[in-house]
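Only one structure is covered here, and it is reproduced in the block below.
The values are calculated or read from the model by the stated rules, or taken from the named source; none is laboratory data. As the structure is a prediction and not an experimental result, all values here were calculated from the model. Reconstructed Cβ throughout: ideal geometry from the backbone, glycine too, with neighbour counts over all protein chains shown. With ligands, DNA and RNA removed, areas are computed over all heavy atoms of the protein, side chains included. Shrake-Rupley method; radii C 1.70, N 1.55, O 1.52, S 1.80 Å.
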Amino acid sequence: MSPINTDTSFIENRAPNVAVQFRDRVRQSPDREAYRYPSADGQPWTSMTWKETGDRVEKLAAGLLALGVQSEQRVGIASGTRVEWILADLAVMCAGAATTTVYPSTIAADVAYILSDSESRVVFAEDEEQLTKLQEHRSELPHLEKVVLFEGSGDGDWVISLDDLSALGEKHLADNADAVQ
């Protein structure tokens, strides 16, 4: 029989949240591979280091802050599993907000209910199919101020692209270098 370990010091010394753990990982191993995901250009896989991941997440998190997302407010993600989902979720945490997940197969009325009930301020939507669900029930989403598309360009108003959010974040960081810290 193994002796019982009663040392609980690891609890006292743990990171306070996942965002801190993520930032520590980026700092400790910037050049190591963080993710490998299917490539869109016909190549089998694309690799992303922890530094590249950290840079992308920081810009997205700053973009959320620039949109007015505040601590503990909800940000939805309506998407299947993909690298952009991971980046969005990490950005939400690094912005101090909380993620509300929506399965991509969820019917439009239920998507509206989930996002309305959670009072989500921003939603990351995978594609036009997910966007259509939001547009069909826009009047039921009083707190939803912006939709960020993983695929697509948006309308420049209620709907923006992931690249638009990143550019917004880059500008926010230029004015507030420690915004995501």
Problem set entry | Beta bridge orientation in segment 2-106: antiparallel %, DSSP, nearest 5 | 50
Exercise. Given a 1.4 Å probe, how much area per residue of the chain is accessible, in Å²?
Worked result: 58
Problem set entry | Ratio Rg/Rh [Cα only; Rh per Kirkwood] for segment 68-132 | 0.94
Problem set entry | Hull-based mean projected area of segment 31-163, where the convex hull spans the alpha carbons, in square nanometres | 7.9
For this session: Would you look at the GNM of the chain, springs on alpha carbons closer than 10 Å, and say which of Ala40, Ala98, Ala15 moves the most?
Result: Ala40
Seminar exercise, completed: With 0.36 nm assigned to each residue of separation and the Cα-Cα distance removed, Ala98 to Ala179 gains 27.4 nm
Seminar exercise, completed: Summed over the other residues with a beta carbon less than 14 angstrom from that of Tyr113, with K and R at +1 and D and E at -1, the charge totals -2
Seminar exercise, completed: Residues other than Ser166 with Cβ under 14 Å of its Cβ, Lys/Arg counted +1 and Asp/Glu -1, net out at -3
Exercise. Kirkwood Rh over Cα pairs of segment 1-86 into Stokes-Einstein at 20 °C, 1.002 mPa s: D in µm²/s?
Worked result: 134
Exercise. With charges only on Cβ, +1 for K and R and -1 for D and E, what is the dipole size of segment 128-181 about its Cα centre, in debye, rounded to 20?
Worked result: 140
Seminar exercise, completed: Taking a straight Cα-to-Cα line shorter than 19 Å from Lys59, and setting aside same-chain lysines fewer than 8 residues away, one finds Lys51, Lys146, Lys171
Exercise. R0 = 35 Å: FRET efficiency of Ser9 with Thr81, Cβ-based, nearest 0.05?
Worked result: 0.50
Exercise. What part of the accessible area of the chain, given as a whole %, is carbon or sulfur when the probe is 1.4 angstrom?
Worked result: 47
For this session: Hey, can you grab everything whose amide H is under 5 Å from the amide H of Ser161? Only 5+ residues off in sequence or another chain; H modelled, so Pro and N-termini drop out.
Result: Leu149
Problem set entry | Rounded Å value of the spacing that divides the Cα centres of segment 5-84 and segment 107-181 | 19
